[in-house]
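Scroll down for the structure; my scribbles are underneath it.
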Amino acid sequence: ELLMIQLTDEMQDLLNNSLLNGTPCILTTASPSGDLTIGFRGSMMAWESDSLAYWERGKGQSLEHLEGGGNAAVILRNPELRKGWKFFGKGTVLRDGPVRQSIMGKVVKPEMDRDPEGEGFAVILKLDRVEDLGGRPIMSN
């Protein structure tokens, strides 16, 4: 029996400190037609109990994929602690508004320093599945 998605304290801590730990998350997105892109997201954070959020400076393919209804996957691996997970879901891009501002306020300083004008967008990834690094599902909505 899979647990409902409820990010653990350990998951939240390792997500929120991934850049500072030297283990930035990797995000991959797919368009509805299957085009893929992949990249590091040092701003990835736990948002709500079943969602992640990050600051998108790139304004490239991943934004197009998510706004077009495509899928997202995030992998976090901390080799020192021998911990990690894969997170799967769909994204919502926030170009303005109070939730965008709230996410921007929580982005780690090294990432916001790369966007001094605050011109990026906030993205929330609503999760539908969490797996361990071996691909075994551990949480599902």
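The values are calculated or read from the model by the stated rules, or taken from the named source; none is laboratory data. Note that the structure is a prediction, hence the values are computed from the model and not measured. Cβ sites come from the backbone with ideal geometry, for glycine too, and all protein chains shown count toward neighbours. Just so you know, the surface numbers come from the protein's heavy atoms only, side chains and all, with ligands and any DNA or RNA stripped out. Shrake-Rupley method; radii C 1.70, N 1.55, O 1.52, S 1.80 Å.
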| field | Where labels lie 7 Å past Cα in the beta-carbon direction, separation of Ser102 and Asp128 in nm | value | 2.4
| Around Trp85, with a cut-off of 13 angstrom between Cβ atoms, what is the net charge of the other residues, counting Lys and Arg +1 and Asp and Glu -1? | +2
| message | Just to be sure I understand the model, the point goes 7 Å from the Cα along the line to the Cβ. What's the resulting Thr28 to Asn78 distance in nm? | response | 2.4
| task | Return the carbon/sulfur percentage of the accessible area of the chain, one whole number, probe 1.4 Å, all protein chains in place. | result | 50
| Distance in nm between label sites at Leu20 and Leu2, each 7 Å beyond Cα in the beta-carbon direction? | 3.2
| task | Could you tell me which of Ile138, Val107, Ala72 has its Cα farthest along the dipole of the range 58-141 towards the positive end, charges placed at Cβ (Lys, Arg +1; Asp, Glu -1), taken about the Cα centre? | result | Ile138
| request: Would you mind computing Rg(Cα) / (2.2 N^0.38 Å) for the chain, counting N as its residues? | output: 0.98
| query | Under 18 Å from a point 7 Å along the Cα-to-Cβ line of Asp13: which residues of the range 70-114 have their amide N that close? | reply | 76-85
| note | Charge tally for neighbours of Ala122 with beta carbon under 10 Å away, counting Lys, Arg as +1 and Asp, Glu as -1, is +1
| Which whole-Hz couplings ³J(HN,Hα) result when phi for each residue of the range 129-139 is put into the Karplus expression 6.51 cos²θ - 1.76 cosθ + 1.60, θ = phi - 60°, listed in order with x for Gly and Pro? | 7, 10, 10, 7, 5, x, x, 7, x, 10, 9
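In debye, nearest 20, what is the charge dipole magnitude of the range 6-141 about its Cα centre with +1 on Lys and Arg Cβ and -1 on Asp and Glu Cβ, if you could check? Kindly include the intermediate steps, with their values, before the conclusion.
Values: 16 positive and 19 negative charges, 43 e Å.
Taking the Cα centre of the range 6-141 as origin, the dipole is about 200 debye.
Give the relative contact order (percent, whole number) for the range 41-141; include only Cα pairs under 8 Å separated by 6+ residues.
Working: 175 pairs, mean separation 33.7, N = 101.
Result for the range 41-141 is 33 percent.
Count the net charge of all other residues whose Cβ sits under 10 Å from the Cβ of Cys25, scoring Lys and Arg as +1 and Asp and Glu as -1. Write out the running numbers ahead of the final one.
Working: positive: Arg41, Arg77; negative: none.
Taking every Cβ under 10 Å from that of Cys25, the sum is +2.
For the chain, what is the accessible area per residue in Å² when the probe is 1.4 Å? Display every interim value, and only then the final one.
Values: 7550 Å² over 141 residues.
On a per-residue basis, the chain sits at 54 Å².
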| Largest to smallest principal axis extent of the C-alpha atoms in the range 10-56, angstrom | 34, 24, 17
| message | Taking the full set of protein chains and a 1.4 angstrom probe, give the accessible area of Glu56 in square angstrom, rounded to the nearest 10. | response | 10
